[in-house]
Amino acid sequence: MHDRKLKFGMVGGGQGAFIGAVHRIAAALDNEAELVCGSFSSKPENSRATGEELYLSPDRVYDTYEEMIKKESELPEGVRMDFMVIVTPNHLHFAPAKMALEHGFDVMCDKPVTFSTEEAQQLQEVVKSSGREFGLTHTYTGYPMVKQAADMVREGKFGKIRKVVVEYPQGWLSTPLEQTDNKQAGWRSDPSKSGKAGAVGDIGTHAANLAETIVGSHISELAADVSRMVEGRRLDDDANVLIRFANGAKGVLHCSQICAGDENDLNIRVWGEKGGLEWHQHDPNTMVVRWLDQPAQVYRTGNDYMNDRAQVNTRTPFGHPEGYLEAFANLYKNFIRTLRDKAEGKEPVRDFPGIEEGLQGMKFIDAVIDSGENNAAWTKI
């Protein structure tokens, strides 16, 4: 494994899909992995057409993920896929992940990790018993500046953390887009495919994971006002949440897909006893650090003052923008590094989200929806 690219297969991501192409770019960015097979759609003709577009051998394009996992597991090492990527709607995460792990394949999966908390708990047991690696694409924690922020908090630069404000406004579902032929809006607004949550599961989990990653503590309790602002919508499209962390910090999380005109404005502010930080996904190479007793500082990705972990996850010289694709690629780079280290008998450094973060995200969804259904009652995670 140390003398070749790793090979991966993909479930989902066929023609008309949104995130599959992003995964393929991210996995290939560092020249560490290559796509060799796939079951790209529940429609075999779509899967075959996608395989042809991606220049795959026809005998490595499968009609079902079951067929792919079974046949790939029969191929010799170095020919078969080394790991599998899942980019399907939420209700189709658990079964292929479980089967792949049980057949000896490591897995990278889109978030939220599963359709329900019960599935996530079962999958956690499968990951443990299989001994394989499981990665989860909470993309925004892949940014170098987020790693810098988390390490500064962990090192006590700001003292005890007191307050957190994390926001994730989008505007793309300001109208009933799911009533058109928009595939992405359709499944995200369908409880049978998305699960019990809409915006909360789709982007609220990203906001919660970002906050927990930087603060270094889980959200332990929350009170949520959850809404369906667009008439006829079956799942939430807006949520305003008071949050309490296990380490004593308190804060506010809001996520919305009806903030008309907003694109993808994930941002976070964190305050401790001595100072705090502010980071915006729209300008991911910049972080403002403020102090109680000295002037504010502006941190910029790629400079020598960035810490080692941030530097390892930076590819371009300072002043050259890095963005979403590079952050996504950092998840794959660190996942693949772990697979290589394990194959060589080294102790791996797992610098990527995994099944624990996935289960925490599902518990967050449960608590938010439960609180919303009980007039924003305080609810423990």
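The values are calculated or read from the model by the stated rules, or taken from the named source; none is laboratory data. Everything quoted here is computed from the prediction, not taken from an experiment. Cβ coordinates were reconstructed from backbone atoms using ideal geometry, including for glycine residues, and neighbour counts include every protein chain displayed.
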Looking for whichever is buried (at least 24 other Cβ atoms within 10 Å of the Cβ) and of a type outside the set (Ser, Thr, Tyr) here; the options are Val127, Val85. Which one fits? Val85
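Go through segment 212-245 and give me each residue that's assigned to a helix (DSSP H, G or I) and surrounded by fewer than 24 Cβ atoms within 10 Å (Cβ to Cβ).
Thr213
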Given the options Glu77, Glu45, name the one that is over 26 Å from Leu136 (Cβ atoms) and more than 21 Å from the chain's Cα centre (by Cα). Glu45
Please determine whether any residue of segment 144-158 is out of contact with any helix residue (DSSP H, G or I) (no Cβ under 6 Å at 6 or more places or on another chain), over 22 Å from Thr213 (Cβ atoms) and either among the basic types (Lys, Arg) or not assigned by TED's automatic domain parsing to the domain that holds Asp366 (or both). no
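Select, from Ala377, Ala296, the only residue that is over 21 Å from Val127 (Cα atoms) and touching a helix residue (DSSP H, G or I) at 6+ places or on another chain (Cβ under 9 Å).
Ala377
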Considering each of Thr64, Thr88 in turn, give the residue that is out of contact with any Lys or Arg (no Cβ under 7 Å at 6 or more places or on another chain), among the hydroxyl-bearing types (Ser, Thr, Tyr) and under 25 Å from Ala327 (Cβ atoms). Thr88
Go through segment 246-261 and report how many residues are out of contact with any Asp or Glu (no Cβ under 7 Å at 6 or more places or on another chain) and either closer than 30 Å to Glu155 by Cβ or surrounded by fewer than 17 Cβ atoms within 10 Å (Cβ to Cβ) (or both). 11
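Would it be correct to say that Glu77 is at pLDDT 95 or above and surrounded by fewer than 15 Cβ atoms within 10 Å (Cβ to Cβ)?
no
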So which residues in segment 251-269 are among the hydrophobic types (A, V, I, L, M, F, W, C) and more than 21 Å from the chain's Cα centre (by Cα), if there are any at all? Ile258, Cys259, Ala260
Search result, residues across segment 128-171 that are more than 30 Å from Ile258 (Cβ to Cβ) and among the β-branched types (Val, Ile, Thr): Val153, Ile161
Single match in Thr379, Thr338 (criterion: within 26 Å of Arg24 (Cα to Cα) and modelled with pLDDT of 95 or more): Thr338
The conditions are (1) small (Gly, Ala, Ser); (2) part of a helix (DSSP H, G or I); (3) closer than 23 Å to Ala310 by Cα, and Ala120 fails exactly one of them. Which is it? (3)
Among the residues in segment 180-202, are any in the same structural domain as Gln311 (by TED's automatic domain parsing), hydrophobic (A, V, I, L, M, F, W, C) and surrounded by fewer than 22 Cβ atoms within 10 Å (Cβ to Cβ)? yes
Selection over segment 1-22 where residues are among the basic types (Lys, Arg) and either assigned to a loop (DSSP other than H, G, I, E, B) or crowded, with 24+ Cβ neighbours inside 10 Å (or both) yields a count of 2
Among residues belonging to segment 320-352 that are in contact with a helix residue (DSSP H, G or I) (Cβ under 9 Å, 6 or more places away or on another chain) and among the acidic types (Asp, Glu), point out the one that is surrounded by the fewest Cβ atoms within 10 Å (Cβ to Cβ). Glu347
What number of residues within segment 11-44 satisfy the criterion of being of a type in the set (S, T, N, Q), closer than 19 Å to Trp187 by Cα and out of contact with any strand residue (DSSP E or B) (no Cβ under 8 Å at 6 or more places or on another chain)? 2
Residue under question is Gln170, and the condition is that it be closer than 27 Å to Leu292 by Cα, outside the structural domain of Asp106 (by TED's automatic domain parsing) and either touching a residue at least 60 places away in the same chain (Cβ under 8 Å) or in contact with a Pro (Cβ under 7 Å, 6 or more places away or on another chain) (or both); does it hold? no
Please count how many residues of segment 23-68 are assigned to a helix (DSSP H, G or I), in contact (Cβ under 8 Å) with a residue 60 or more places away in the chain and either crowded, with 17+ Cβ neighbours inside 10 Å or outside the structural domain of Met99 (by TED's automatic domain parsing) (or both). 3
If you scan segment 69-103, which residues turn out to be free of Cβ contacts under 8 Å to residues at least 60 places away in the same chain and closer than 29 Å to His206 by Cα? His93, Phe94, Ala95, Ala97, Lys98, Met99, Ala100, Leu101, Glu102
